[in-house]
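One structure below.
The values are calculated or read from the model by the stated rules, or taken from the named source; none is laboratory data. Bear in mind the structure is a predicted one, so any value in this text is a computation, not a measurement. Here the Cβ positions follow ideal geometry from the backbone for every residue, glycine too, while neighbour counts run over all protein chains shown.
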Amino acid sequence: MEAMAEPTTALLPMFRSRHQMQILAEVFWGAGSSTGAELARRTGIPQQTVAREVTRLEQAGVLVTEQVGTAKTIHPASDLPYGSVLRQLLAYAGGVIPMLAQTFGDNPAIDEVFIFGSWAARYNGEQGPPPNDVDVAVVSDSLTRFDLAEARLDLENESKLSINLFVFEADNERLLELRAAGVPVFVRVPA
């Protein structure tokens, strides 16, 4: 069974498909080299679709694959003339998701991270003006905004995005409403 291509997001409606944008965002902003299986797991895109998109992007000179043992690792092309511009566009169009996962995913005091507000609405296809910032919810019963201020500043400096960080305790009554229209980054599964 083949997955149907989803239309691109309303954030930056110039990529061939939403899947292509998600793959590019993950490769350019994720945790370094990835295999197709890792990209499929992190993005939720079927592995066949990832393989097909990676092949297209490699043929276009945007990505490079390298055989490492039995797996192929996927990297941005280092000689891409518009690589830095594409990376910046991808930060806005979806790269913020893997950046947030990488920044906050290893912190055991954080139970969940998701994006809400106008950025999430555009990412989910709702039409409207481009968002000026990214509203990020961090769910933690022990951290405050001030505890995460340095991480937020690092994210802003790296991505050139304006990031509004909100910390909520797990029992906050607003979470259900915000989460419903949000874009999940990660949820920590209790051990």
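Show me the helices (runs of 4 or more DSSP H) entirely contained within segment 101-182 in which 1 or more residues are within 26 Å of LEU89 (Cβ to Cβ) and in contact with a helix residue (DSSP H, G or I) (Cβ under 6 Å, 6 or more places away or on another chain).
Where helices (runs of 4 or more DSSP H) fall fully within segment 101-182 and carry at least 1 residues being within 26 Å of LEU89 (Cβ to Cβ) and in contact with a helix residue (DSSP H, G or I) (Cβ under 6 Å, 6 or more places away or on another chain), they are 149-159.
In the same structural domain as ASN164 (by TED's automatic domain parsing), among the aliphatic types (A, V, I, L, M) and closer than 30 Å to ALA149 by Cα: is that true of ALA25 in this structure?
For ALA25, the condition - in the same structural domain as ASN164 (by TED's automatic domain parsing), among the aliphatic types (A, V, I, L, M) and closer than 30 Å to ALA149 by Cα - is not met.
Surrounded by fewer than 16 Cβ atoms within 10 Å (Cβ to Cβ), farther than 30 Å from ALA60 by Cα and not aromatic (Phe, Trp, Tyr) - does that describe any residue in segment 83-105?
Checking segment 83-105: at least one residue is surrounded by fewer than 16 Cβ atoms within 10 Å (Cβ to Cβ), farther than 30 Å from ALA60 by Cα and not aromatic (Phe, Trp, Tyr).
Of the conditions (1) modelled with pLDDT of 90 or more; (2) of a type in the set (Gly, Ala, Ser); (3) out of contact with any Lys or Arg (no Cβ under 8 Å at 6 or more places or on another chain), ALA3 clears all except one; give me its number.
It is condition (1) that ALA3 fails.
(1) within 15 Å of PHE15 (Cα to Cα); (2) under 16 Å from the mean Cα position of the chain (by Cα): which one isn't true of ALA60, the others all being true?
Answer for ALA60: the failing condition is (2).
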